[in-house]
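Asker: This structure is in structure tokens; I'll ask about it shortly.
The values are calculated or read from the model by the stated rules, or taken from the named source; none is laboratory data. Source: prediction; values computed, not measured. Here Cβ is always computed from backbone atoms with ideal geometry, including for glycine, and neighbour counts include all displayed protein chains. Only protein heavy atoms, including side chains, enter the accessible area calculation; ligands, DNA and RNA are left aside. Shrake-Rupley method; radii C 1.70, N 1.55, O 1.52, S 1.80 Å.
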Amino acid sequence: MSRRYDLAVVGAGPAGLAAAALAPGYGMSTVVFDEQRAPGGQIHRGVLSSPLAQKEMLGDDYAQGAALIERFRRAGATHVPSATVIGVTKSDDGTCELTVAVGGESSRRIETVVADAVILATGAQERPFPIPGWTLPGVMTVGAAQVLLKTSGMVPAGRIVLAGAGPLLWLLATQYLKVGLTPDLLLDTTPKGRYAEAATHALGFLTSEYFARGLRLLREVKAQVKVVEHVTALAAEGEGRLTTLRYEKDGTTHAVEADVLLLHHGVVPGINLPAAAGCALRWNDIQACWEPTVDDWGGTTVPNLFVAGDGAGISGAEAAAASGELTALAVANALGRIDARARDLAAVEPRRNLASAMRGRRFFDTLYRPAYAFRIPKGDTIVCRCEGVTAHDIVAAVAAGCAGPNQAKAFVRCGMGPCQGRFCGLTVTEIIARERKLSPAAVGYYRLRFPVKPLTLGELAAMPTTDLALRATGASTEPL
């Protein structure tokens, strides 16, 4: 790995792979940092090494990731696996300085890399789903269960319940059926009336490829799995681990025995790294989440810092790949490799692919926008898993004068744990917004800083010392 590149890409999912497959062709030295050991991101995780004999069991989209990875490898970009970018800082000369933790947990080292431009393609994370008992052993997310299936061929045992809303919920149920596992129950939390609300955007959906695909998923699951629709409340119970799940429908509470509960309420952009790098955020009310403020090329409010894929706004794998190509073209133009006319001509096909992939997106976003009650918990439901902070604690903090998420850190330590707000940030914003009768946009989000992922004291002490780092701490850069 060199210390200097024209372009640094963070993330080897569809967006990052597509950007890195294109950039070297425009004469840009390119490096890709990724936390995983192999490229593919979450959607194509383990596609080249899955233990499943037939990768098609996970769906055609999954298997197609191998072609994108092959394009990336042929392009010649430097790939640095098992690498966590813990900070991106703008230097005085306009370049970007990336602080990277490289290597496995037992042998990590901190390195500094300079790039003229950076594309953050860090993708999405599952939305927090705070229900009573969601921290019990036996309760996990659908995404985590899918990771186990893709990488290790592992499936849960016992009485299995899937609960929530969104395409991934139904996709995992289908994948389980294909490998011979039939979930005991699927609880759909999509509110009544949502289909009618989403119908105003149905034309784009009906003419998209998602229609037939989605219809097939629903039919396959409903033919083999018991499905309960319009669930309005959930609570996991048990002493030491999950044993019982209570759910409410039409005002009546039901109890079922369960060994495993898989929760999912869609995905949201992973915003910690762009936010810590200084990129402005905006509230997307349709998707009920924060996202970086970007232009049509993925450009942020920080010069030569771009965000591509689901990290800029949830749109799916195909749209992410197209946006990755667009950001690579924007970087090529910004660094003087091509002029604006050549950039625009080369962007015609990616923009066409992006428009095709986005067709029907508004229908999905409207239909599967998580119900208010599931986004904003009450009482003793834990909101911040790291610090054990409950919804009641946050409400009490607001009553005592807490004005926003950053003040909540001081009042109740929300967002101060290892996840640095990833699993509580959205919930904290919306609880405070409700209590203060403000919009989430007015309340704001956590102020994020370096490092965006936890470091040991030893790693911190061993960090390379640069003039920029010394100035940031107020130390002198003059020789002794």
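Asker: Here is the link list: K90/K437; K192/K226; K378/K453; K178/K249. Which ones come out longer than 25 Å on Cα distance?
Answerer: As for pairs spanning more than 25 Å Cα to Cα, those are K90/K437; K378/K453; K178/K249.
Asker: Let me ask something else about it. What distance in nm separates the simple spin-label points at E70 and K178, each placed 7 Å from Cα in the Cβ direction?
Answerer: 1.9
Asker: Okay, next question. Using a ≥ b ≥ c from the Cα gyration tensor of segment 318-386 (square roots of the eigenvalues), is it rounded, prolate or oblate, where a/c under 1.5 gives rounded and otherwise the larger of a/b and b/c decides, a/b for prolate?
Answerer: oblate
Asker: Express the carbon and sulfur contribution to the solvent-accessible surface of segment 302-393 as a percent, rounded to the nearest whole number, probe 1.4 angstrom.
Answerer: 50
Asker: Could you compute how much accessible surface D6 exposes when probed at 1.4 Å, giving the result in Å² to the nearest 10?
Answerer: Estimated to the nearest 10 Å², D6 gives 30 Å².
Asker: Can I ask one more? What FRET efficiency comes out for the pair K192/A280, r = Cβ-Cβ distance, R0 = 41 Å, nearest 0.05?
Answerer: The value I calculate is 0.65.
Asker: Grab the Cα-Cα distance for D93 and L460, subtract it from 0.36 nm times how many residues apart they are, and report the gain in nm with one decimal.
Answerer: Taking D93 through L460 to full extension adds about 129.6 nm, to one decimal.
Asker: Let me ask another. Do the sum for the chain: with -39,500 (n - 2.57) for every DSSP H run of n ≥ 4, divided by all residues, what is the mean residue ellipticity at 222 nm, to the nearest 500 deg cm²/dmol?
Answerer: -10000 deg cm²/dmol
Asker: Pop the C-beta distance of A255 and R219 into the FRET formula with R0 = 30 Å and round what comes out to the nearest 0.05.
Answerer: 0.55
Asker: For segment 59-193, with every protein chain kept in place, what is the accessible area per residue (1.4 Å probe, Å²)?
Answerer: Here the per-residue accessible area is 36 Å².
Asker: State the percentage of accessible surface on segment 123-260 attributable to carbon and sulfur atoms; use a 1.4 Å probe and exclude ligands, DNA and RNA.
Answerer: 57
Asker: Need one number for segment 201-306: average projected area of the convex hull over its C-alpha atoms, nm².
Answerer: One quarter of the hull surface, i.e. the mean projection, equals 11.2 nm².
Asker: Moving on. Quote the Stokes-Einstein diffusion coefficient, in whole µm² s⁻¹, for segment 260-391, based on the Kirkwood radius over alpha carbon pairs, a temperature of 25 °C and a viscosity of 0.890 mPa s.
Answerer: Using the Kirkwood radius from Cα pairs, D works out to 147 µm²/s.
Asker: How long are the semi-axes of the equivalent ellipsoid of segment 355-410, taking √(5λ) for every eigenvalue λ of the Cα gyration tensor, in whole Å from largest down?
Answerer: Equivalent ellipsoid semi-axes, largest first: 33, 13, 11 Å.
Asker: Take the chain, drop everything but the C-alpha atoms, weight them equally and run the Debye formula without solvent; then report log10 I(q)/I(0) at 0.10, 0.13 Å⁻¹ to two decimals.
Answerer: Log10 I(q)/I(0), no solvent term: -0.78, -1.34.
Asker: In nanometres, what is the gap between the two model label sites at N406 and L203, each 7 Å from Cα along Cα-to-Cβ?
Answerer: Roughly 4.5 nm, to one decimal.
Asker: Suppose each label sits 7 Å from its Cα in the direction of the beta carbon; what would the A212-A342 distance come out to in nanometres?
Answerer: Inter-label distance under the simple model: 4.0 nm.
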